[in-house]
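Chemist: The structure's right below; bear with me while I get my questions together.
The values are calculated or read from the model by the stated rules, or taken from the named source; none is laboratory data. This one's a predicted model, so the numbers in the text were calculated from it and none came from an experiment. Every residue, glycine as well, gets a Cβ built from its backbone with ideal geometry; the counts of neighbours run over all protein chains shown.
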Amino acid sequence: MKKRRVVVTGMGIWSCIGQDLQTVIESLQQGRSGIGVRAERKRYGYNSLLTGIVPRPDLKPLLDRRHRNTLSEEAEFAYMSTHEALQNAHIDEAYCKENEIGIVFGNDTSTKAVVDSYLKSVEEGNTMILGSGMAFQSLTSNVASNLAKIFSFRGANFTTASACASSAQAIALAAMFIQSGVQDIIVAGGAQETNDLSMIAFDGVNTLSKRNDDPTHASRPFDKQRDGLVPSGGAATLVLEEYEHARQRGANILAEVLGYGFSQNDTPLGQPSQDAEYTAMQRALKSANILPQAIDYINAHATSTIAGDIAEAQALTRLFCKSNVSNASKTSNASDLVQCPKASTPLISSTKSMTGHECWMAGASEAVYSMLMMQHSFVAPTINLEDIDDSASQLNIVRETTTSQINIAMSNSFGFGGTNCSIIFKKN
């Protein structure tokens, strides 16, 4: 049986570099950072006060109190990105009610709702004052459940919780469901809260950048002077659809999900594995039935951490540069990697240099960023890259906005905890 094709017919986003697609395009083209300082984090003992500045939407004109009451912060973001994605796909309320639409959304935590519930119940000595709204907000599945109710999605409903790979896996799993005939249309994406409690544990393990006096230059993927990631968030949504169904509906096809690959690290938790990252990319290429040379652009995971950037740079070098070096997959020494010209690698950039690490939404947002670049024939820069790390010296990393035709793009998402996912998109 021939595998059903999966296409993207709608996109929406709510991020620190823009709360609509057009603004995000302009930010990507201009290399505009969305990073700022949240000084109130000092009272929690944060060493890093940096974060992506994502405004909370005003939902009062859009949703009644009953619906707003069950939305966590990340679900509010996701409502906005999904509203835009459905509009972008020309799917209205009537269509949602008359046709079965599924949802697969990435969301690994709902920290603030859980902490607020605990503190309020301790303060009052009575759990009965919390109400059902707080109970729904506390669920990891709260985003998908709320969106399904609000938009009348009656099909398959799944939440993927895989740290930074959550929403990439959501897109890949949604594509699998469509390919296998489970659904014809699925809304897929990811959401991440940005409140002061959301990344407190990561600050405690010294993962975050401490450039509090220079926020827009703090996220520095592949740069020798990087000192950690900058947390961020928001939400991004794709409408995925079976190709023939989209054609019959008269939908505007933006791109095709050509392939995807998964892997799991065999290293200690929190330690990246270039072997596993290489495997995820290889499997994505096999799924897409293409060779590495067919890739025009890669949106690297590249979070601006020392170990993470090195592992990905090595995996990318290994994938695109033929190597006869024994045990090359196990070395962290860039000099042991085979030499090859940069022209043999695709254009690569890390949009996290502008957005910070959008965590559970990153796979979906970076898919949106990649497809916007496809549509408008440019590659966004890796800003703040002044002195490239030796491990990435053979890669064709873009430092300034570059005009380029992108036909096939790969987006990498390598999750904290060792869960990896690579997705390949083809321009329609």
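Chemist: Quick test for you: out of Glu73, Glu98, pick the one residue that is modelled with pLDDT of 95 or more, acidic (Asp, Glu), farther than 26 Å from Phe416 by Cβ and out of contact with any strand residue (DSSP E or B) (no Cβ under 8 Å at 6 or more places or on another chain).
Modeler: Step by step, each of Glu73, Glu98 is checked, and only Glu98 is modelled with pLDDT of 95 or more, acidic (Asp, Glu), farther than 26 Å from Phe416 by Cβ and out of contact with any strand residue (DSSP E or B) (no Cβ under 8 Å at 6 or more places or on another chain).
Chemist: Do we have any residue at all in segment 7-24 that's touching a Cys at 6+ places or on another chain (Cβ under 9 Å), assigned to a strand (DSSP E or B) and among the hydroxyl-bearing types (Ser, Thr, Tyr)?
Modeler: Within segment 7-24 (the criterion being touching a Cys at 6+ places or on another chain (Cβ under 9 Å), assigned to a strand (DSSP E or B) and among the hydroxyl-bearing types (Ser, Thr, Tyr)), the answer is no, since none of the residues qualifies.
Chemist: Among Met134, Met128, which is surrounded by 19 or more Cβ atoms within 10 Å (Cβ to Cβ), under 21 Å from Leu71 (Cα atoms), without any contact (Cβ under 8 Å) to a residue 40 or more places away in the chain and out of contact with any strand residue (DSSP E or B) (no Cβ under 9 Å at 6 or more places or on another chain)?
Modeler: Exactly one residue qualifies, and that residue is Met134.
Chemist: Being touching a strand residue (DSSP E or B) at 6+ places or on another chain (Cβ under 6 Å) and assigned to a strand (DSSP E or B) is the filter here, so list the residues in segment 225-247 that pass it.
Modeler: Leu229, Pro231, Gly234, Ala235, Ala236, Thr237, Leu238, Val239, Leu240, Glu241
Chemist: Please state which one of Thr109, Thr82 is of a type outside the set (A, V, I, L, M, F, W, C), in a loop (DSSP other than H, G, I, E, B) and either in contact with a Leu (Cβ under 6 Å, 6 or more places away or on another chain) or assigned by TED's automatic domain parsing to the domain that holds Met199 (or both).
Modeler: Thr109
Chemist: Which condition number does Leu139 fail, the rest of (1) touching a residue at least 40 places away in the same chain (Cβ under 8 Å); (2) surrounded by 19 or more Cβ atoms within 10 Å (Cβ to Cβ) being met?
Modeler: Exception for Leu139: condition (1).
Chemist: Being touching a Lys or Arg at 6+ places or on another chain (Cβ under 7 Å) and either in a strand (DSSP E or B) or closer than 19 Å to Asn420 by Cα (or both) is the requirement here; does Leu258 meet it?
Modeler: Spelling it out, Leu258 is indeed touching a Lys or Arg at 6+ places or on another chain (Cβ under 7 Å) and either in a strand (DSSP E or B) or closer than 19 Å to Asn420 by Cα (or both).
Let's see how each residue does on (1) surrounded by fewer than 17 Cβ atoms within 10 Å (Cβ to Cβ); (2) assigned to a helix (DSSP H, G or I); (3) in contact with an Asp or Glu (Cβ under 8 Å, 6 or more places away or on another chain):
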site: Phe262; (1), (2), (3): no, no, no
site: Asp266; (1), (2), (3): yes, no, yes
site: Arg283; (1), (2), (3): no, yes, no
site: His301; (1), (2), (3): no, no, yes
site: Ser304; (1), (2), (3): no, no, yes
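Residue by residue, here is whether (1) assigned to a helix (DSSP H, G or I); (2) in contact with a Pro (Cβ under 8 Å, 6 or more places away or on another chain); (3) among the hydroxyl-bearing types (Ser, Thr, Tyr); (4) in the same structural domain as Arg247 (by TED's automatic domain parsing) holds:
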residue: Phe105; (1), (2), (3), (4): no, no, no, yes
residue: Ala113; (1), (2), (3), (4): yes, no, no, yes
residue: Ser121; (1), (2), (3), (4): yes, no, yes, yes
residue: Met134; (1), (2), (3), (4): yes, no, no, yes
residue: Thr140; (1), (2), (3), (4): no, no, yes, yes
residue: Ile150; (1), (2), (3), (4): yes, no, no, yes
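Chemist: Give segment 90-114 a look and list any residue that's farther than 27 Å from Cys164 by Cβ and of a type outside the set (D, E, K, R), or say none.
Modeler: Listed by number, the residues that qualify are His90, Ile91, Ala94, Tyr95, Cys96, Asn99.
Chemist: Please determine whether any residue of segment 211-218 is surrounded by fewer than 24 Cβ atoms within 10 Å (Cβ to Cβ), farther than 25 Å from Cys421 by Cα, of a type in the set (S, T, N, Q) and in contact (Cβ under 8 Å) with a residue 40 or more places away in the chain.
Modeler: yes
Chemist: Among the residues of segment 175-201, write down those that are in contact with a Gly (Cβ under 6 Å, 6 or more places away or on another chain), within 21 Å of Gly356 (Cα to Cα) and not in a loop (DSSP other than H, G, I, E, B).
Modeler: Across segment 175-201, the qualifying residues are Gly190, Gln192.
Chemist: Name the residue that is surrounded by the most Cβ atoms within 10 Å (Cβ to Cβ), counting only residues in segment 33-46 that are touching a strand residue (DSSP E or B) at 6+ places or on another chain (Cβ under 7 Å) and assigned to a loop (DSSP other than H, G, I, E, B).
Modeler: Per the stated criteria, the residue is Gly34.
Chemist: Here is a follow-up. Determine which member of the set Phe202, Phe158, Phe222 is in contact with a strand residue (DSSP E or B) (Cβ under 9 Å, 6 or more places away or on another chain), aromatic (Phe, Trp, Tyr), crowded, with 19+ Cβ neighbours inside 10 Å and not assigned by TED's automatic domain parsing to the domain that holds Ser353.
Modeler: Phe222 is the lone residue from the list that is in contact with a strand residue (DSSP E or B) (Cβ under 9 Å, 6 or more places away or on another chain), aromatic (Phe, Trp, Tyr), crowded, with 19+ Cβ neighbours inside 10 Å and not assigned by TED's automatic domain parsing to the domain that holds Ser353.
Chemist: Tell me yes or no: at least one residue of segment 164-174 is within 30 Å of Thr303 (Cβ to Cβ), out of contact with any Leu (no Cβ under 8 Å at 6 or more places or on another chain) and assigned to a loop (DSSP other than H, G, I, E, B).
Modeler: Yes, the conditions are met somewhere in segment 164-174.
Chemist: Sticking with this structure for a sec: Kindly indicate the residue of segment 345-389 that is assigned to a loop (DSSP other than H, G, I, E, B) and among the hydrophobic types (A, V, I, L, M, F, W, C) and also surrounded by the most Cβ atoms within 10 Å (Cβ to Cβ) among those meeting that condition.
Modeler: Step one: filter segment 345-389 for residues assigned to a loop (DSSP other than H, G, I, E, B), giving 345-346, 350-351, 356, 358, 377, 380-387, 389.
Now restrict to residues that are among the hydrophobic types (A, V, I, L, M, F, W, C): 380, 383, 385.
Details: Ala380: 29, Ile383: 25, Leu385: 24.
Ranking the qualifying residues of segment 345-389, first place goes to Ala380.
Chemist: With respect to the numbered conditions (1) crowded, with 19+ Cβ neighbours inside 10 Å; (2) modelled with pLDDT of 95 or more, which one is the sole condition not fulfilled by Leu63?
Modeler: (1) is the only condition that Leu63 fails.
Chemist: Can you tell me which condition Ala144 does not meet? The list is (1) part of a helix (DSSP H, G or I); (2) in contact (Cβ under 8 Å) with a residue 60 or more places away in the chain, and all the others hold.
Modeler: (2)
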